[in-house]
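K.L.:
Provided herewith is a single structure, encoded as structure tokens, for subsequent inquiry.
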Amino acid sequence: MESWTLRTFQQQLGWQRYGLQNMANSCQQGPWFWRIQKLRARISNPRSGVLVSSSSSSSSSLFSFVHLGMKTRKTRRRRGGRTDCRVLRGGNGVAHAHVNNNKEGVTPVLLDQELQESLANLVKRSAKFSSSPETSLRNGCWVKLICGASFEDLADIRNLSLVYTFAGVDCIDCAADSAVVTAVMEGVSTACSLALELHPAASIVIQKPWIMVSINDDEDPHFRKAEFDSAFCPDDCPRPCERVCPASAIVFDRTMIDHSRVFSTISHGEDSFKSSEDPSGGVITERCYGCGRCLPVCPLGLIRARTYVRDLKTVAELLRSNNVDAIEIHTGSGHLRSFEKLVTALAPSLSSLKVIAVSVPDLGESMIPTLREMHSVLLPSLQSLNLWQLDGRPMSGDVGAGATRASVALASRLVTSPDCPPGFLQLAGGTNAHTVHALKKEGLFQSPNKPGGRDAAIAGVAYGGYARKIVAKYLEKVEEETVTQESTESITRLGNESTKQLEHYPSLLLGALQEAIALVAGVKEGQRS
């Protein structure tokens, strides 16, 4: 970071006087990263920095949070006055400006120039291959983020939506729950606002992804929760369930459960699940998405899975709320009757949707006949695009490179079949960083569906477990920072949830974006003109 002086600090802020009122006025007209409204602050601890609170409820500002535990980088005092200026560097590598004036202090957060440029360049890169979701489907560059049909951790869902909206995904698939949809919308909106702040003078536009909700017509592994009573676990158990859980949803130490988190209500029809508010260890219900890896590894067989089906009346209300653009129906072998019942019940609510997707695992020889029957059921209600999600190896993309083979092999079978019903084909189930290479090897990547065809044979790729895995370390770091800050008495006035927002930790946001954009760009940057 450049060596700061009081003069350069004055120039950056554009302040002629350091009075508190002048500072508040200047924030309205200053550079984009000083847009902080109606600041008021007080000194909380001379060693831990300044506690800042704002009367604005907006959480979209990238630099509204002050990180504690900072060390003085440069100090310069104005002679003859009572104002001192300090440039500080926080534990996450972000520079901060610390200004005290008389009895009150104001602490705007200054983003390191190099970090600011890196964020801006990443956003500019993803904006270059931005296109409408429908165009992406037709060109074979459609990318969908799967938050998880049963994953209901609102803080993580919001941050995932923020990161992958920045990265340029076309669709975000989430649980059919109003609180979850709201979290996705907040993440998307924040990403779009921050893109404008990073490029105020340029026409950088982040394409808003479609929001899709997932439901099931019958028993399905995506719609289940693991549960067990940890009181029956012996003290000497090696706890393999805790190690294999990809969602960090199994916790034995009561102090590790963060009770300040806000989750959606876990109530699915007549089923109810143990909430994370229970201080005992076990499965954090909101984080469990039903992968089932814990079930076979328990030495005593204590873990069981409970399945559920989404309430159709609640789903219909959600579809009519205009907050949802698409729906995905998870189905399987022998589900035709329940599939037809579901489609009939939801038919009045499907007309406004942009996409109706059906997620199907590999059904072997019955794959094509089953898809054709399902298409016949959908046809009377189909007033939008339809998409077939080929769930090759469900919920396994984070396992390893070979997990993608099943989905690519399934796609290859359908593409070469003359009897495949109309609709876009999208890969899922085992997709990861090796999927695009595997598609290219089979000659399926963004190739036309027929000689001279307008649409791509494979519309795109949905990333679930792998997409979450590559940014998990950054989201976990946010949690660690939050716990540290909330343990400091002075920080409690900031409120719990605002500190869990990834944009308040710019260096962590940068790292997550680098990972996400690298994944999405593998599909996007090769798109056909």
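Each reported figure results from applying straightforward, stated rules to the coordinates on display, with no laboratory input. Only a predicted model underlies this, so the values are computations on that prediction, with no experimental measurement involved. Neighbour counts are summed over all protein chains in view; Cβ atoms, including those assigned to glycine, are modelled from backbone coordinates with ideal geometry.
K.L.:
Tell me, what is the FRET efficiency for R243 and D311 to the nearest 0.05, using R0 = 22 angstrom and their Cβ-Cβ distance as r?
P.N.:
On the way: r = 34 Å, r/R0 = 1.56.
Plugging the Cβ-Cβ distance into 1/(1 + (r/R0)^6) gives 0.05.
K.L.:
Which pairs, out of K313/K477; K124/K500; K144/K225; K124/K225; K124/K313, put more than 30 Å between their alpha-carbon atoms?
P.N.:
The pairs that break the limit, which is 30 Å between Cα atoms, are K313/K477; K124/K225; K124/K313.
K.L.:
Could you work out the relative contact order of the stretch 348-399, using alpha carbon pairs under 8 angstrom and six or more residues apart, expressed as a whole percent?
P.N.:
Details: 45 pairs, mean separation 29.7, N = 52.
RCO, the stretch 348-399: 57 percent.
K.L.:
Which order do peptides 156-163, 394-401, 307-314 fall in by mean Cβ count within 10 Å, highest first?
P.N.:
Working: 156-163: 27.1, 394-401: 20.4, 307-314: 17.2.
Output ranking for 156-163, 394-401, 307-314: 156-163, 394-401, 307-314.
K.L.:
Which peptide among 215-228, 443-456 comes first, and what is the full order, when sorted by highest mean count of other Cβ atoms within 10 Å? Walk me through the intermediate numbers first.
P.N.:
Numbers: 215-228: 21.9, 443-456: 14.1.
The packing order, highest mean first, is 215-228, 443-456.
K.L.:
What residues of the stretch 110-136 lie in the reach of a label at S203, counting those whose backbone N is under 18 Å from a point 7 Å from the Cα along Cα→Cβ?
P.N.:
124-132
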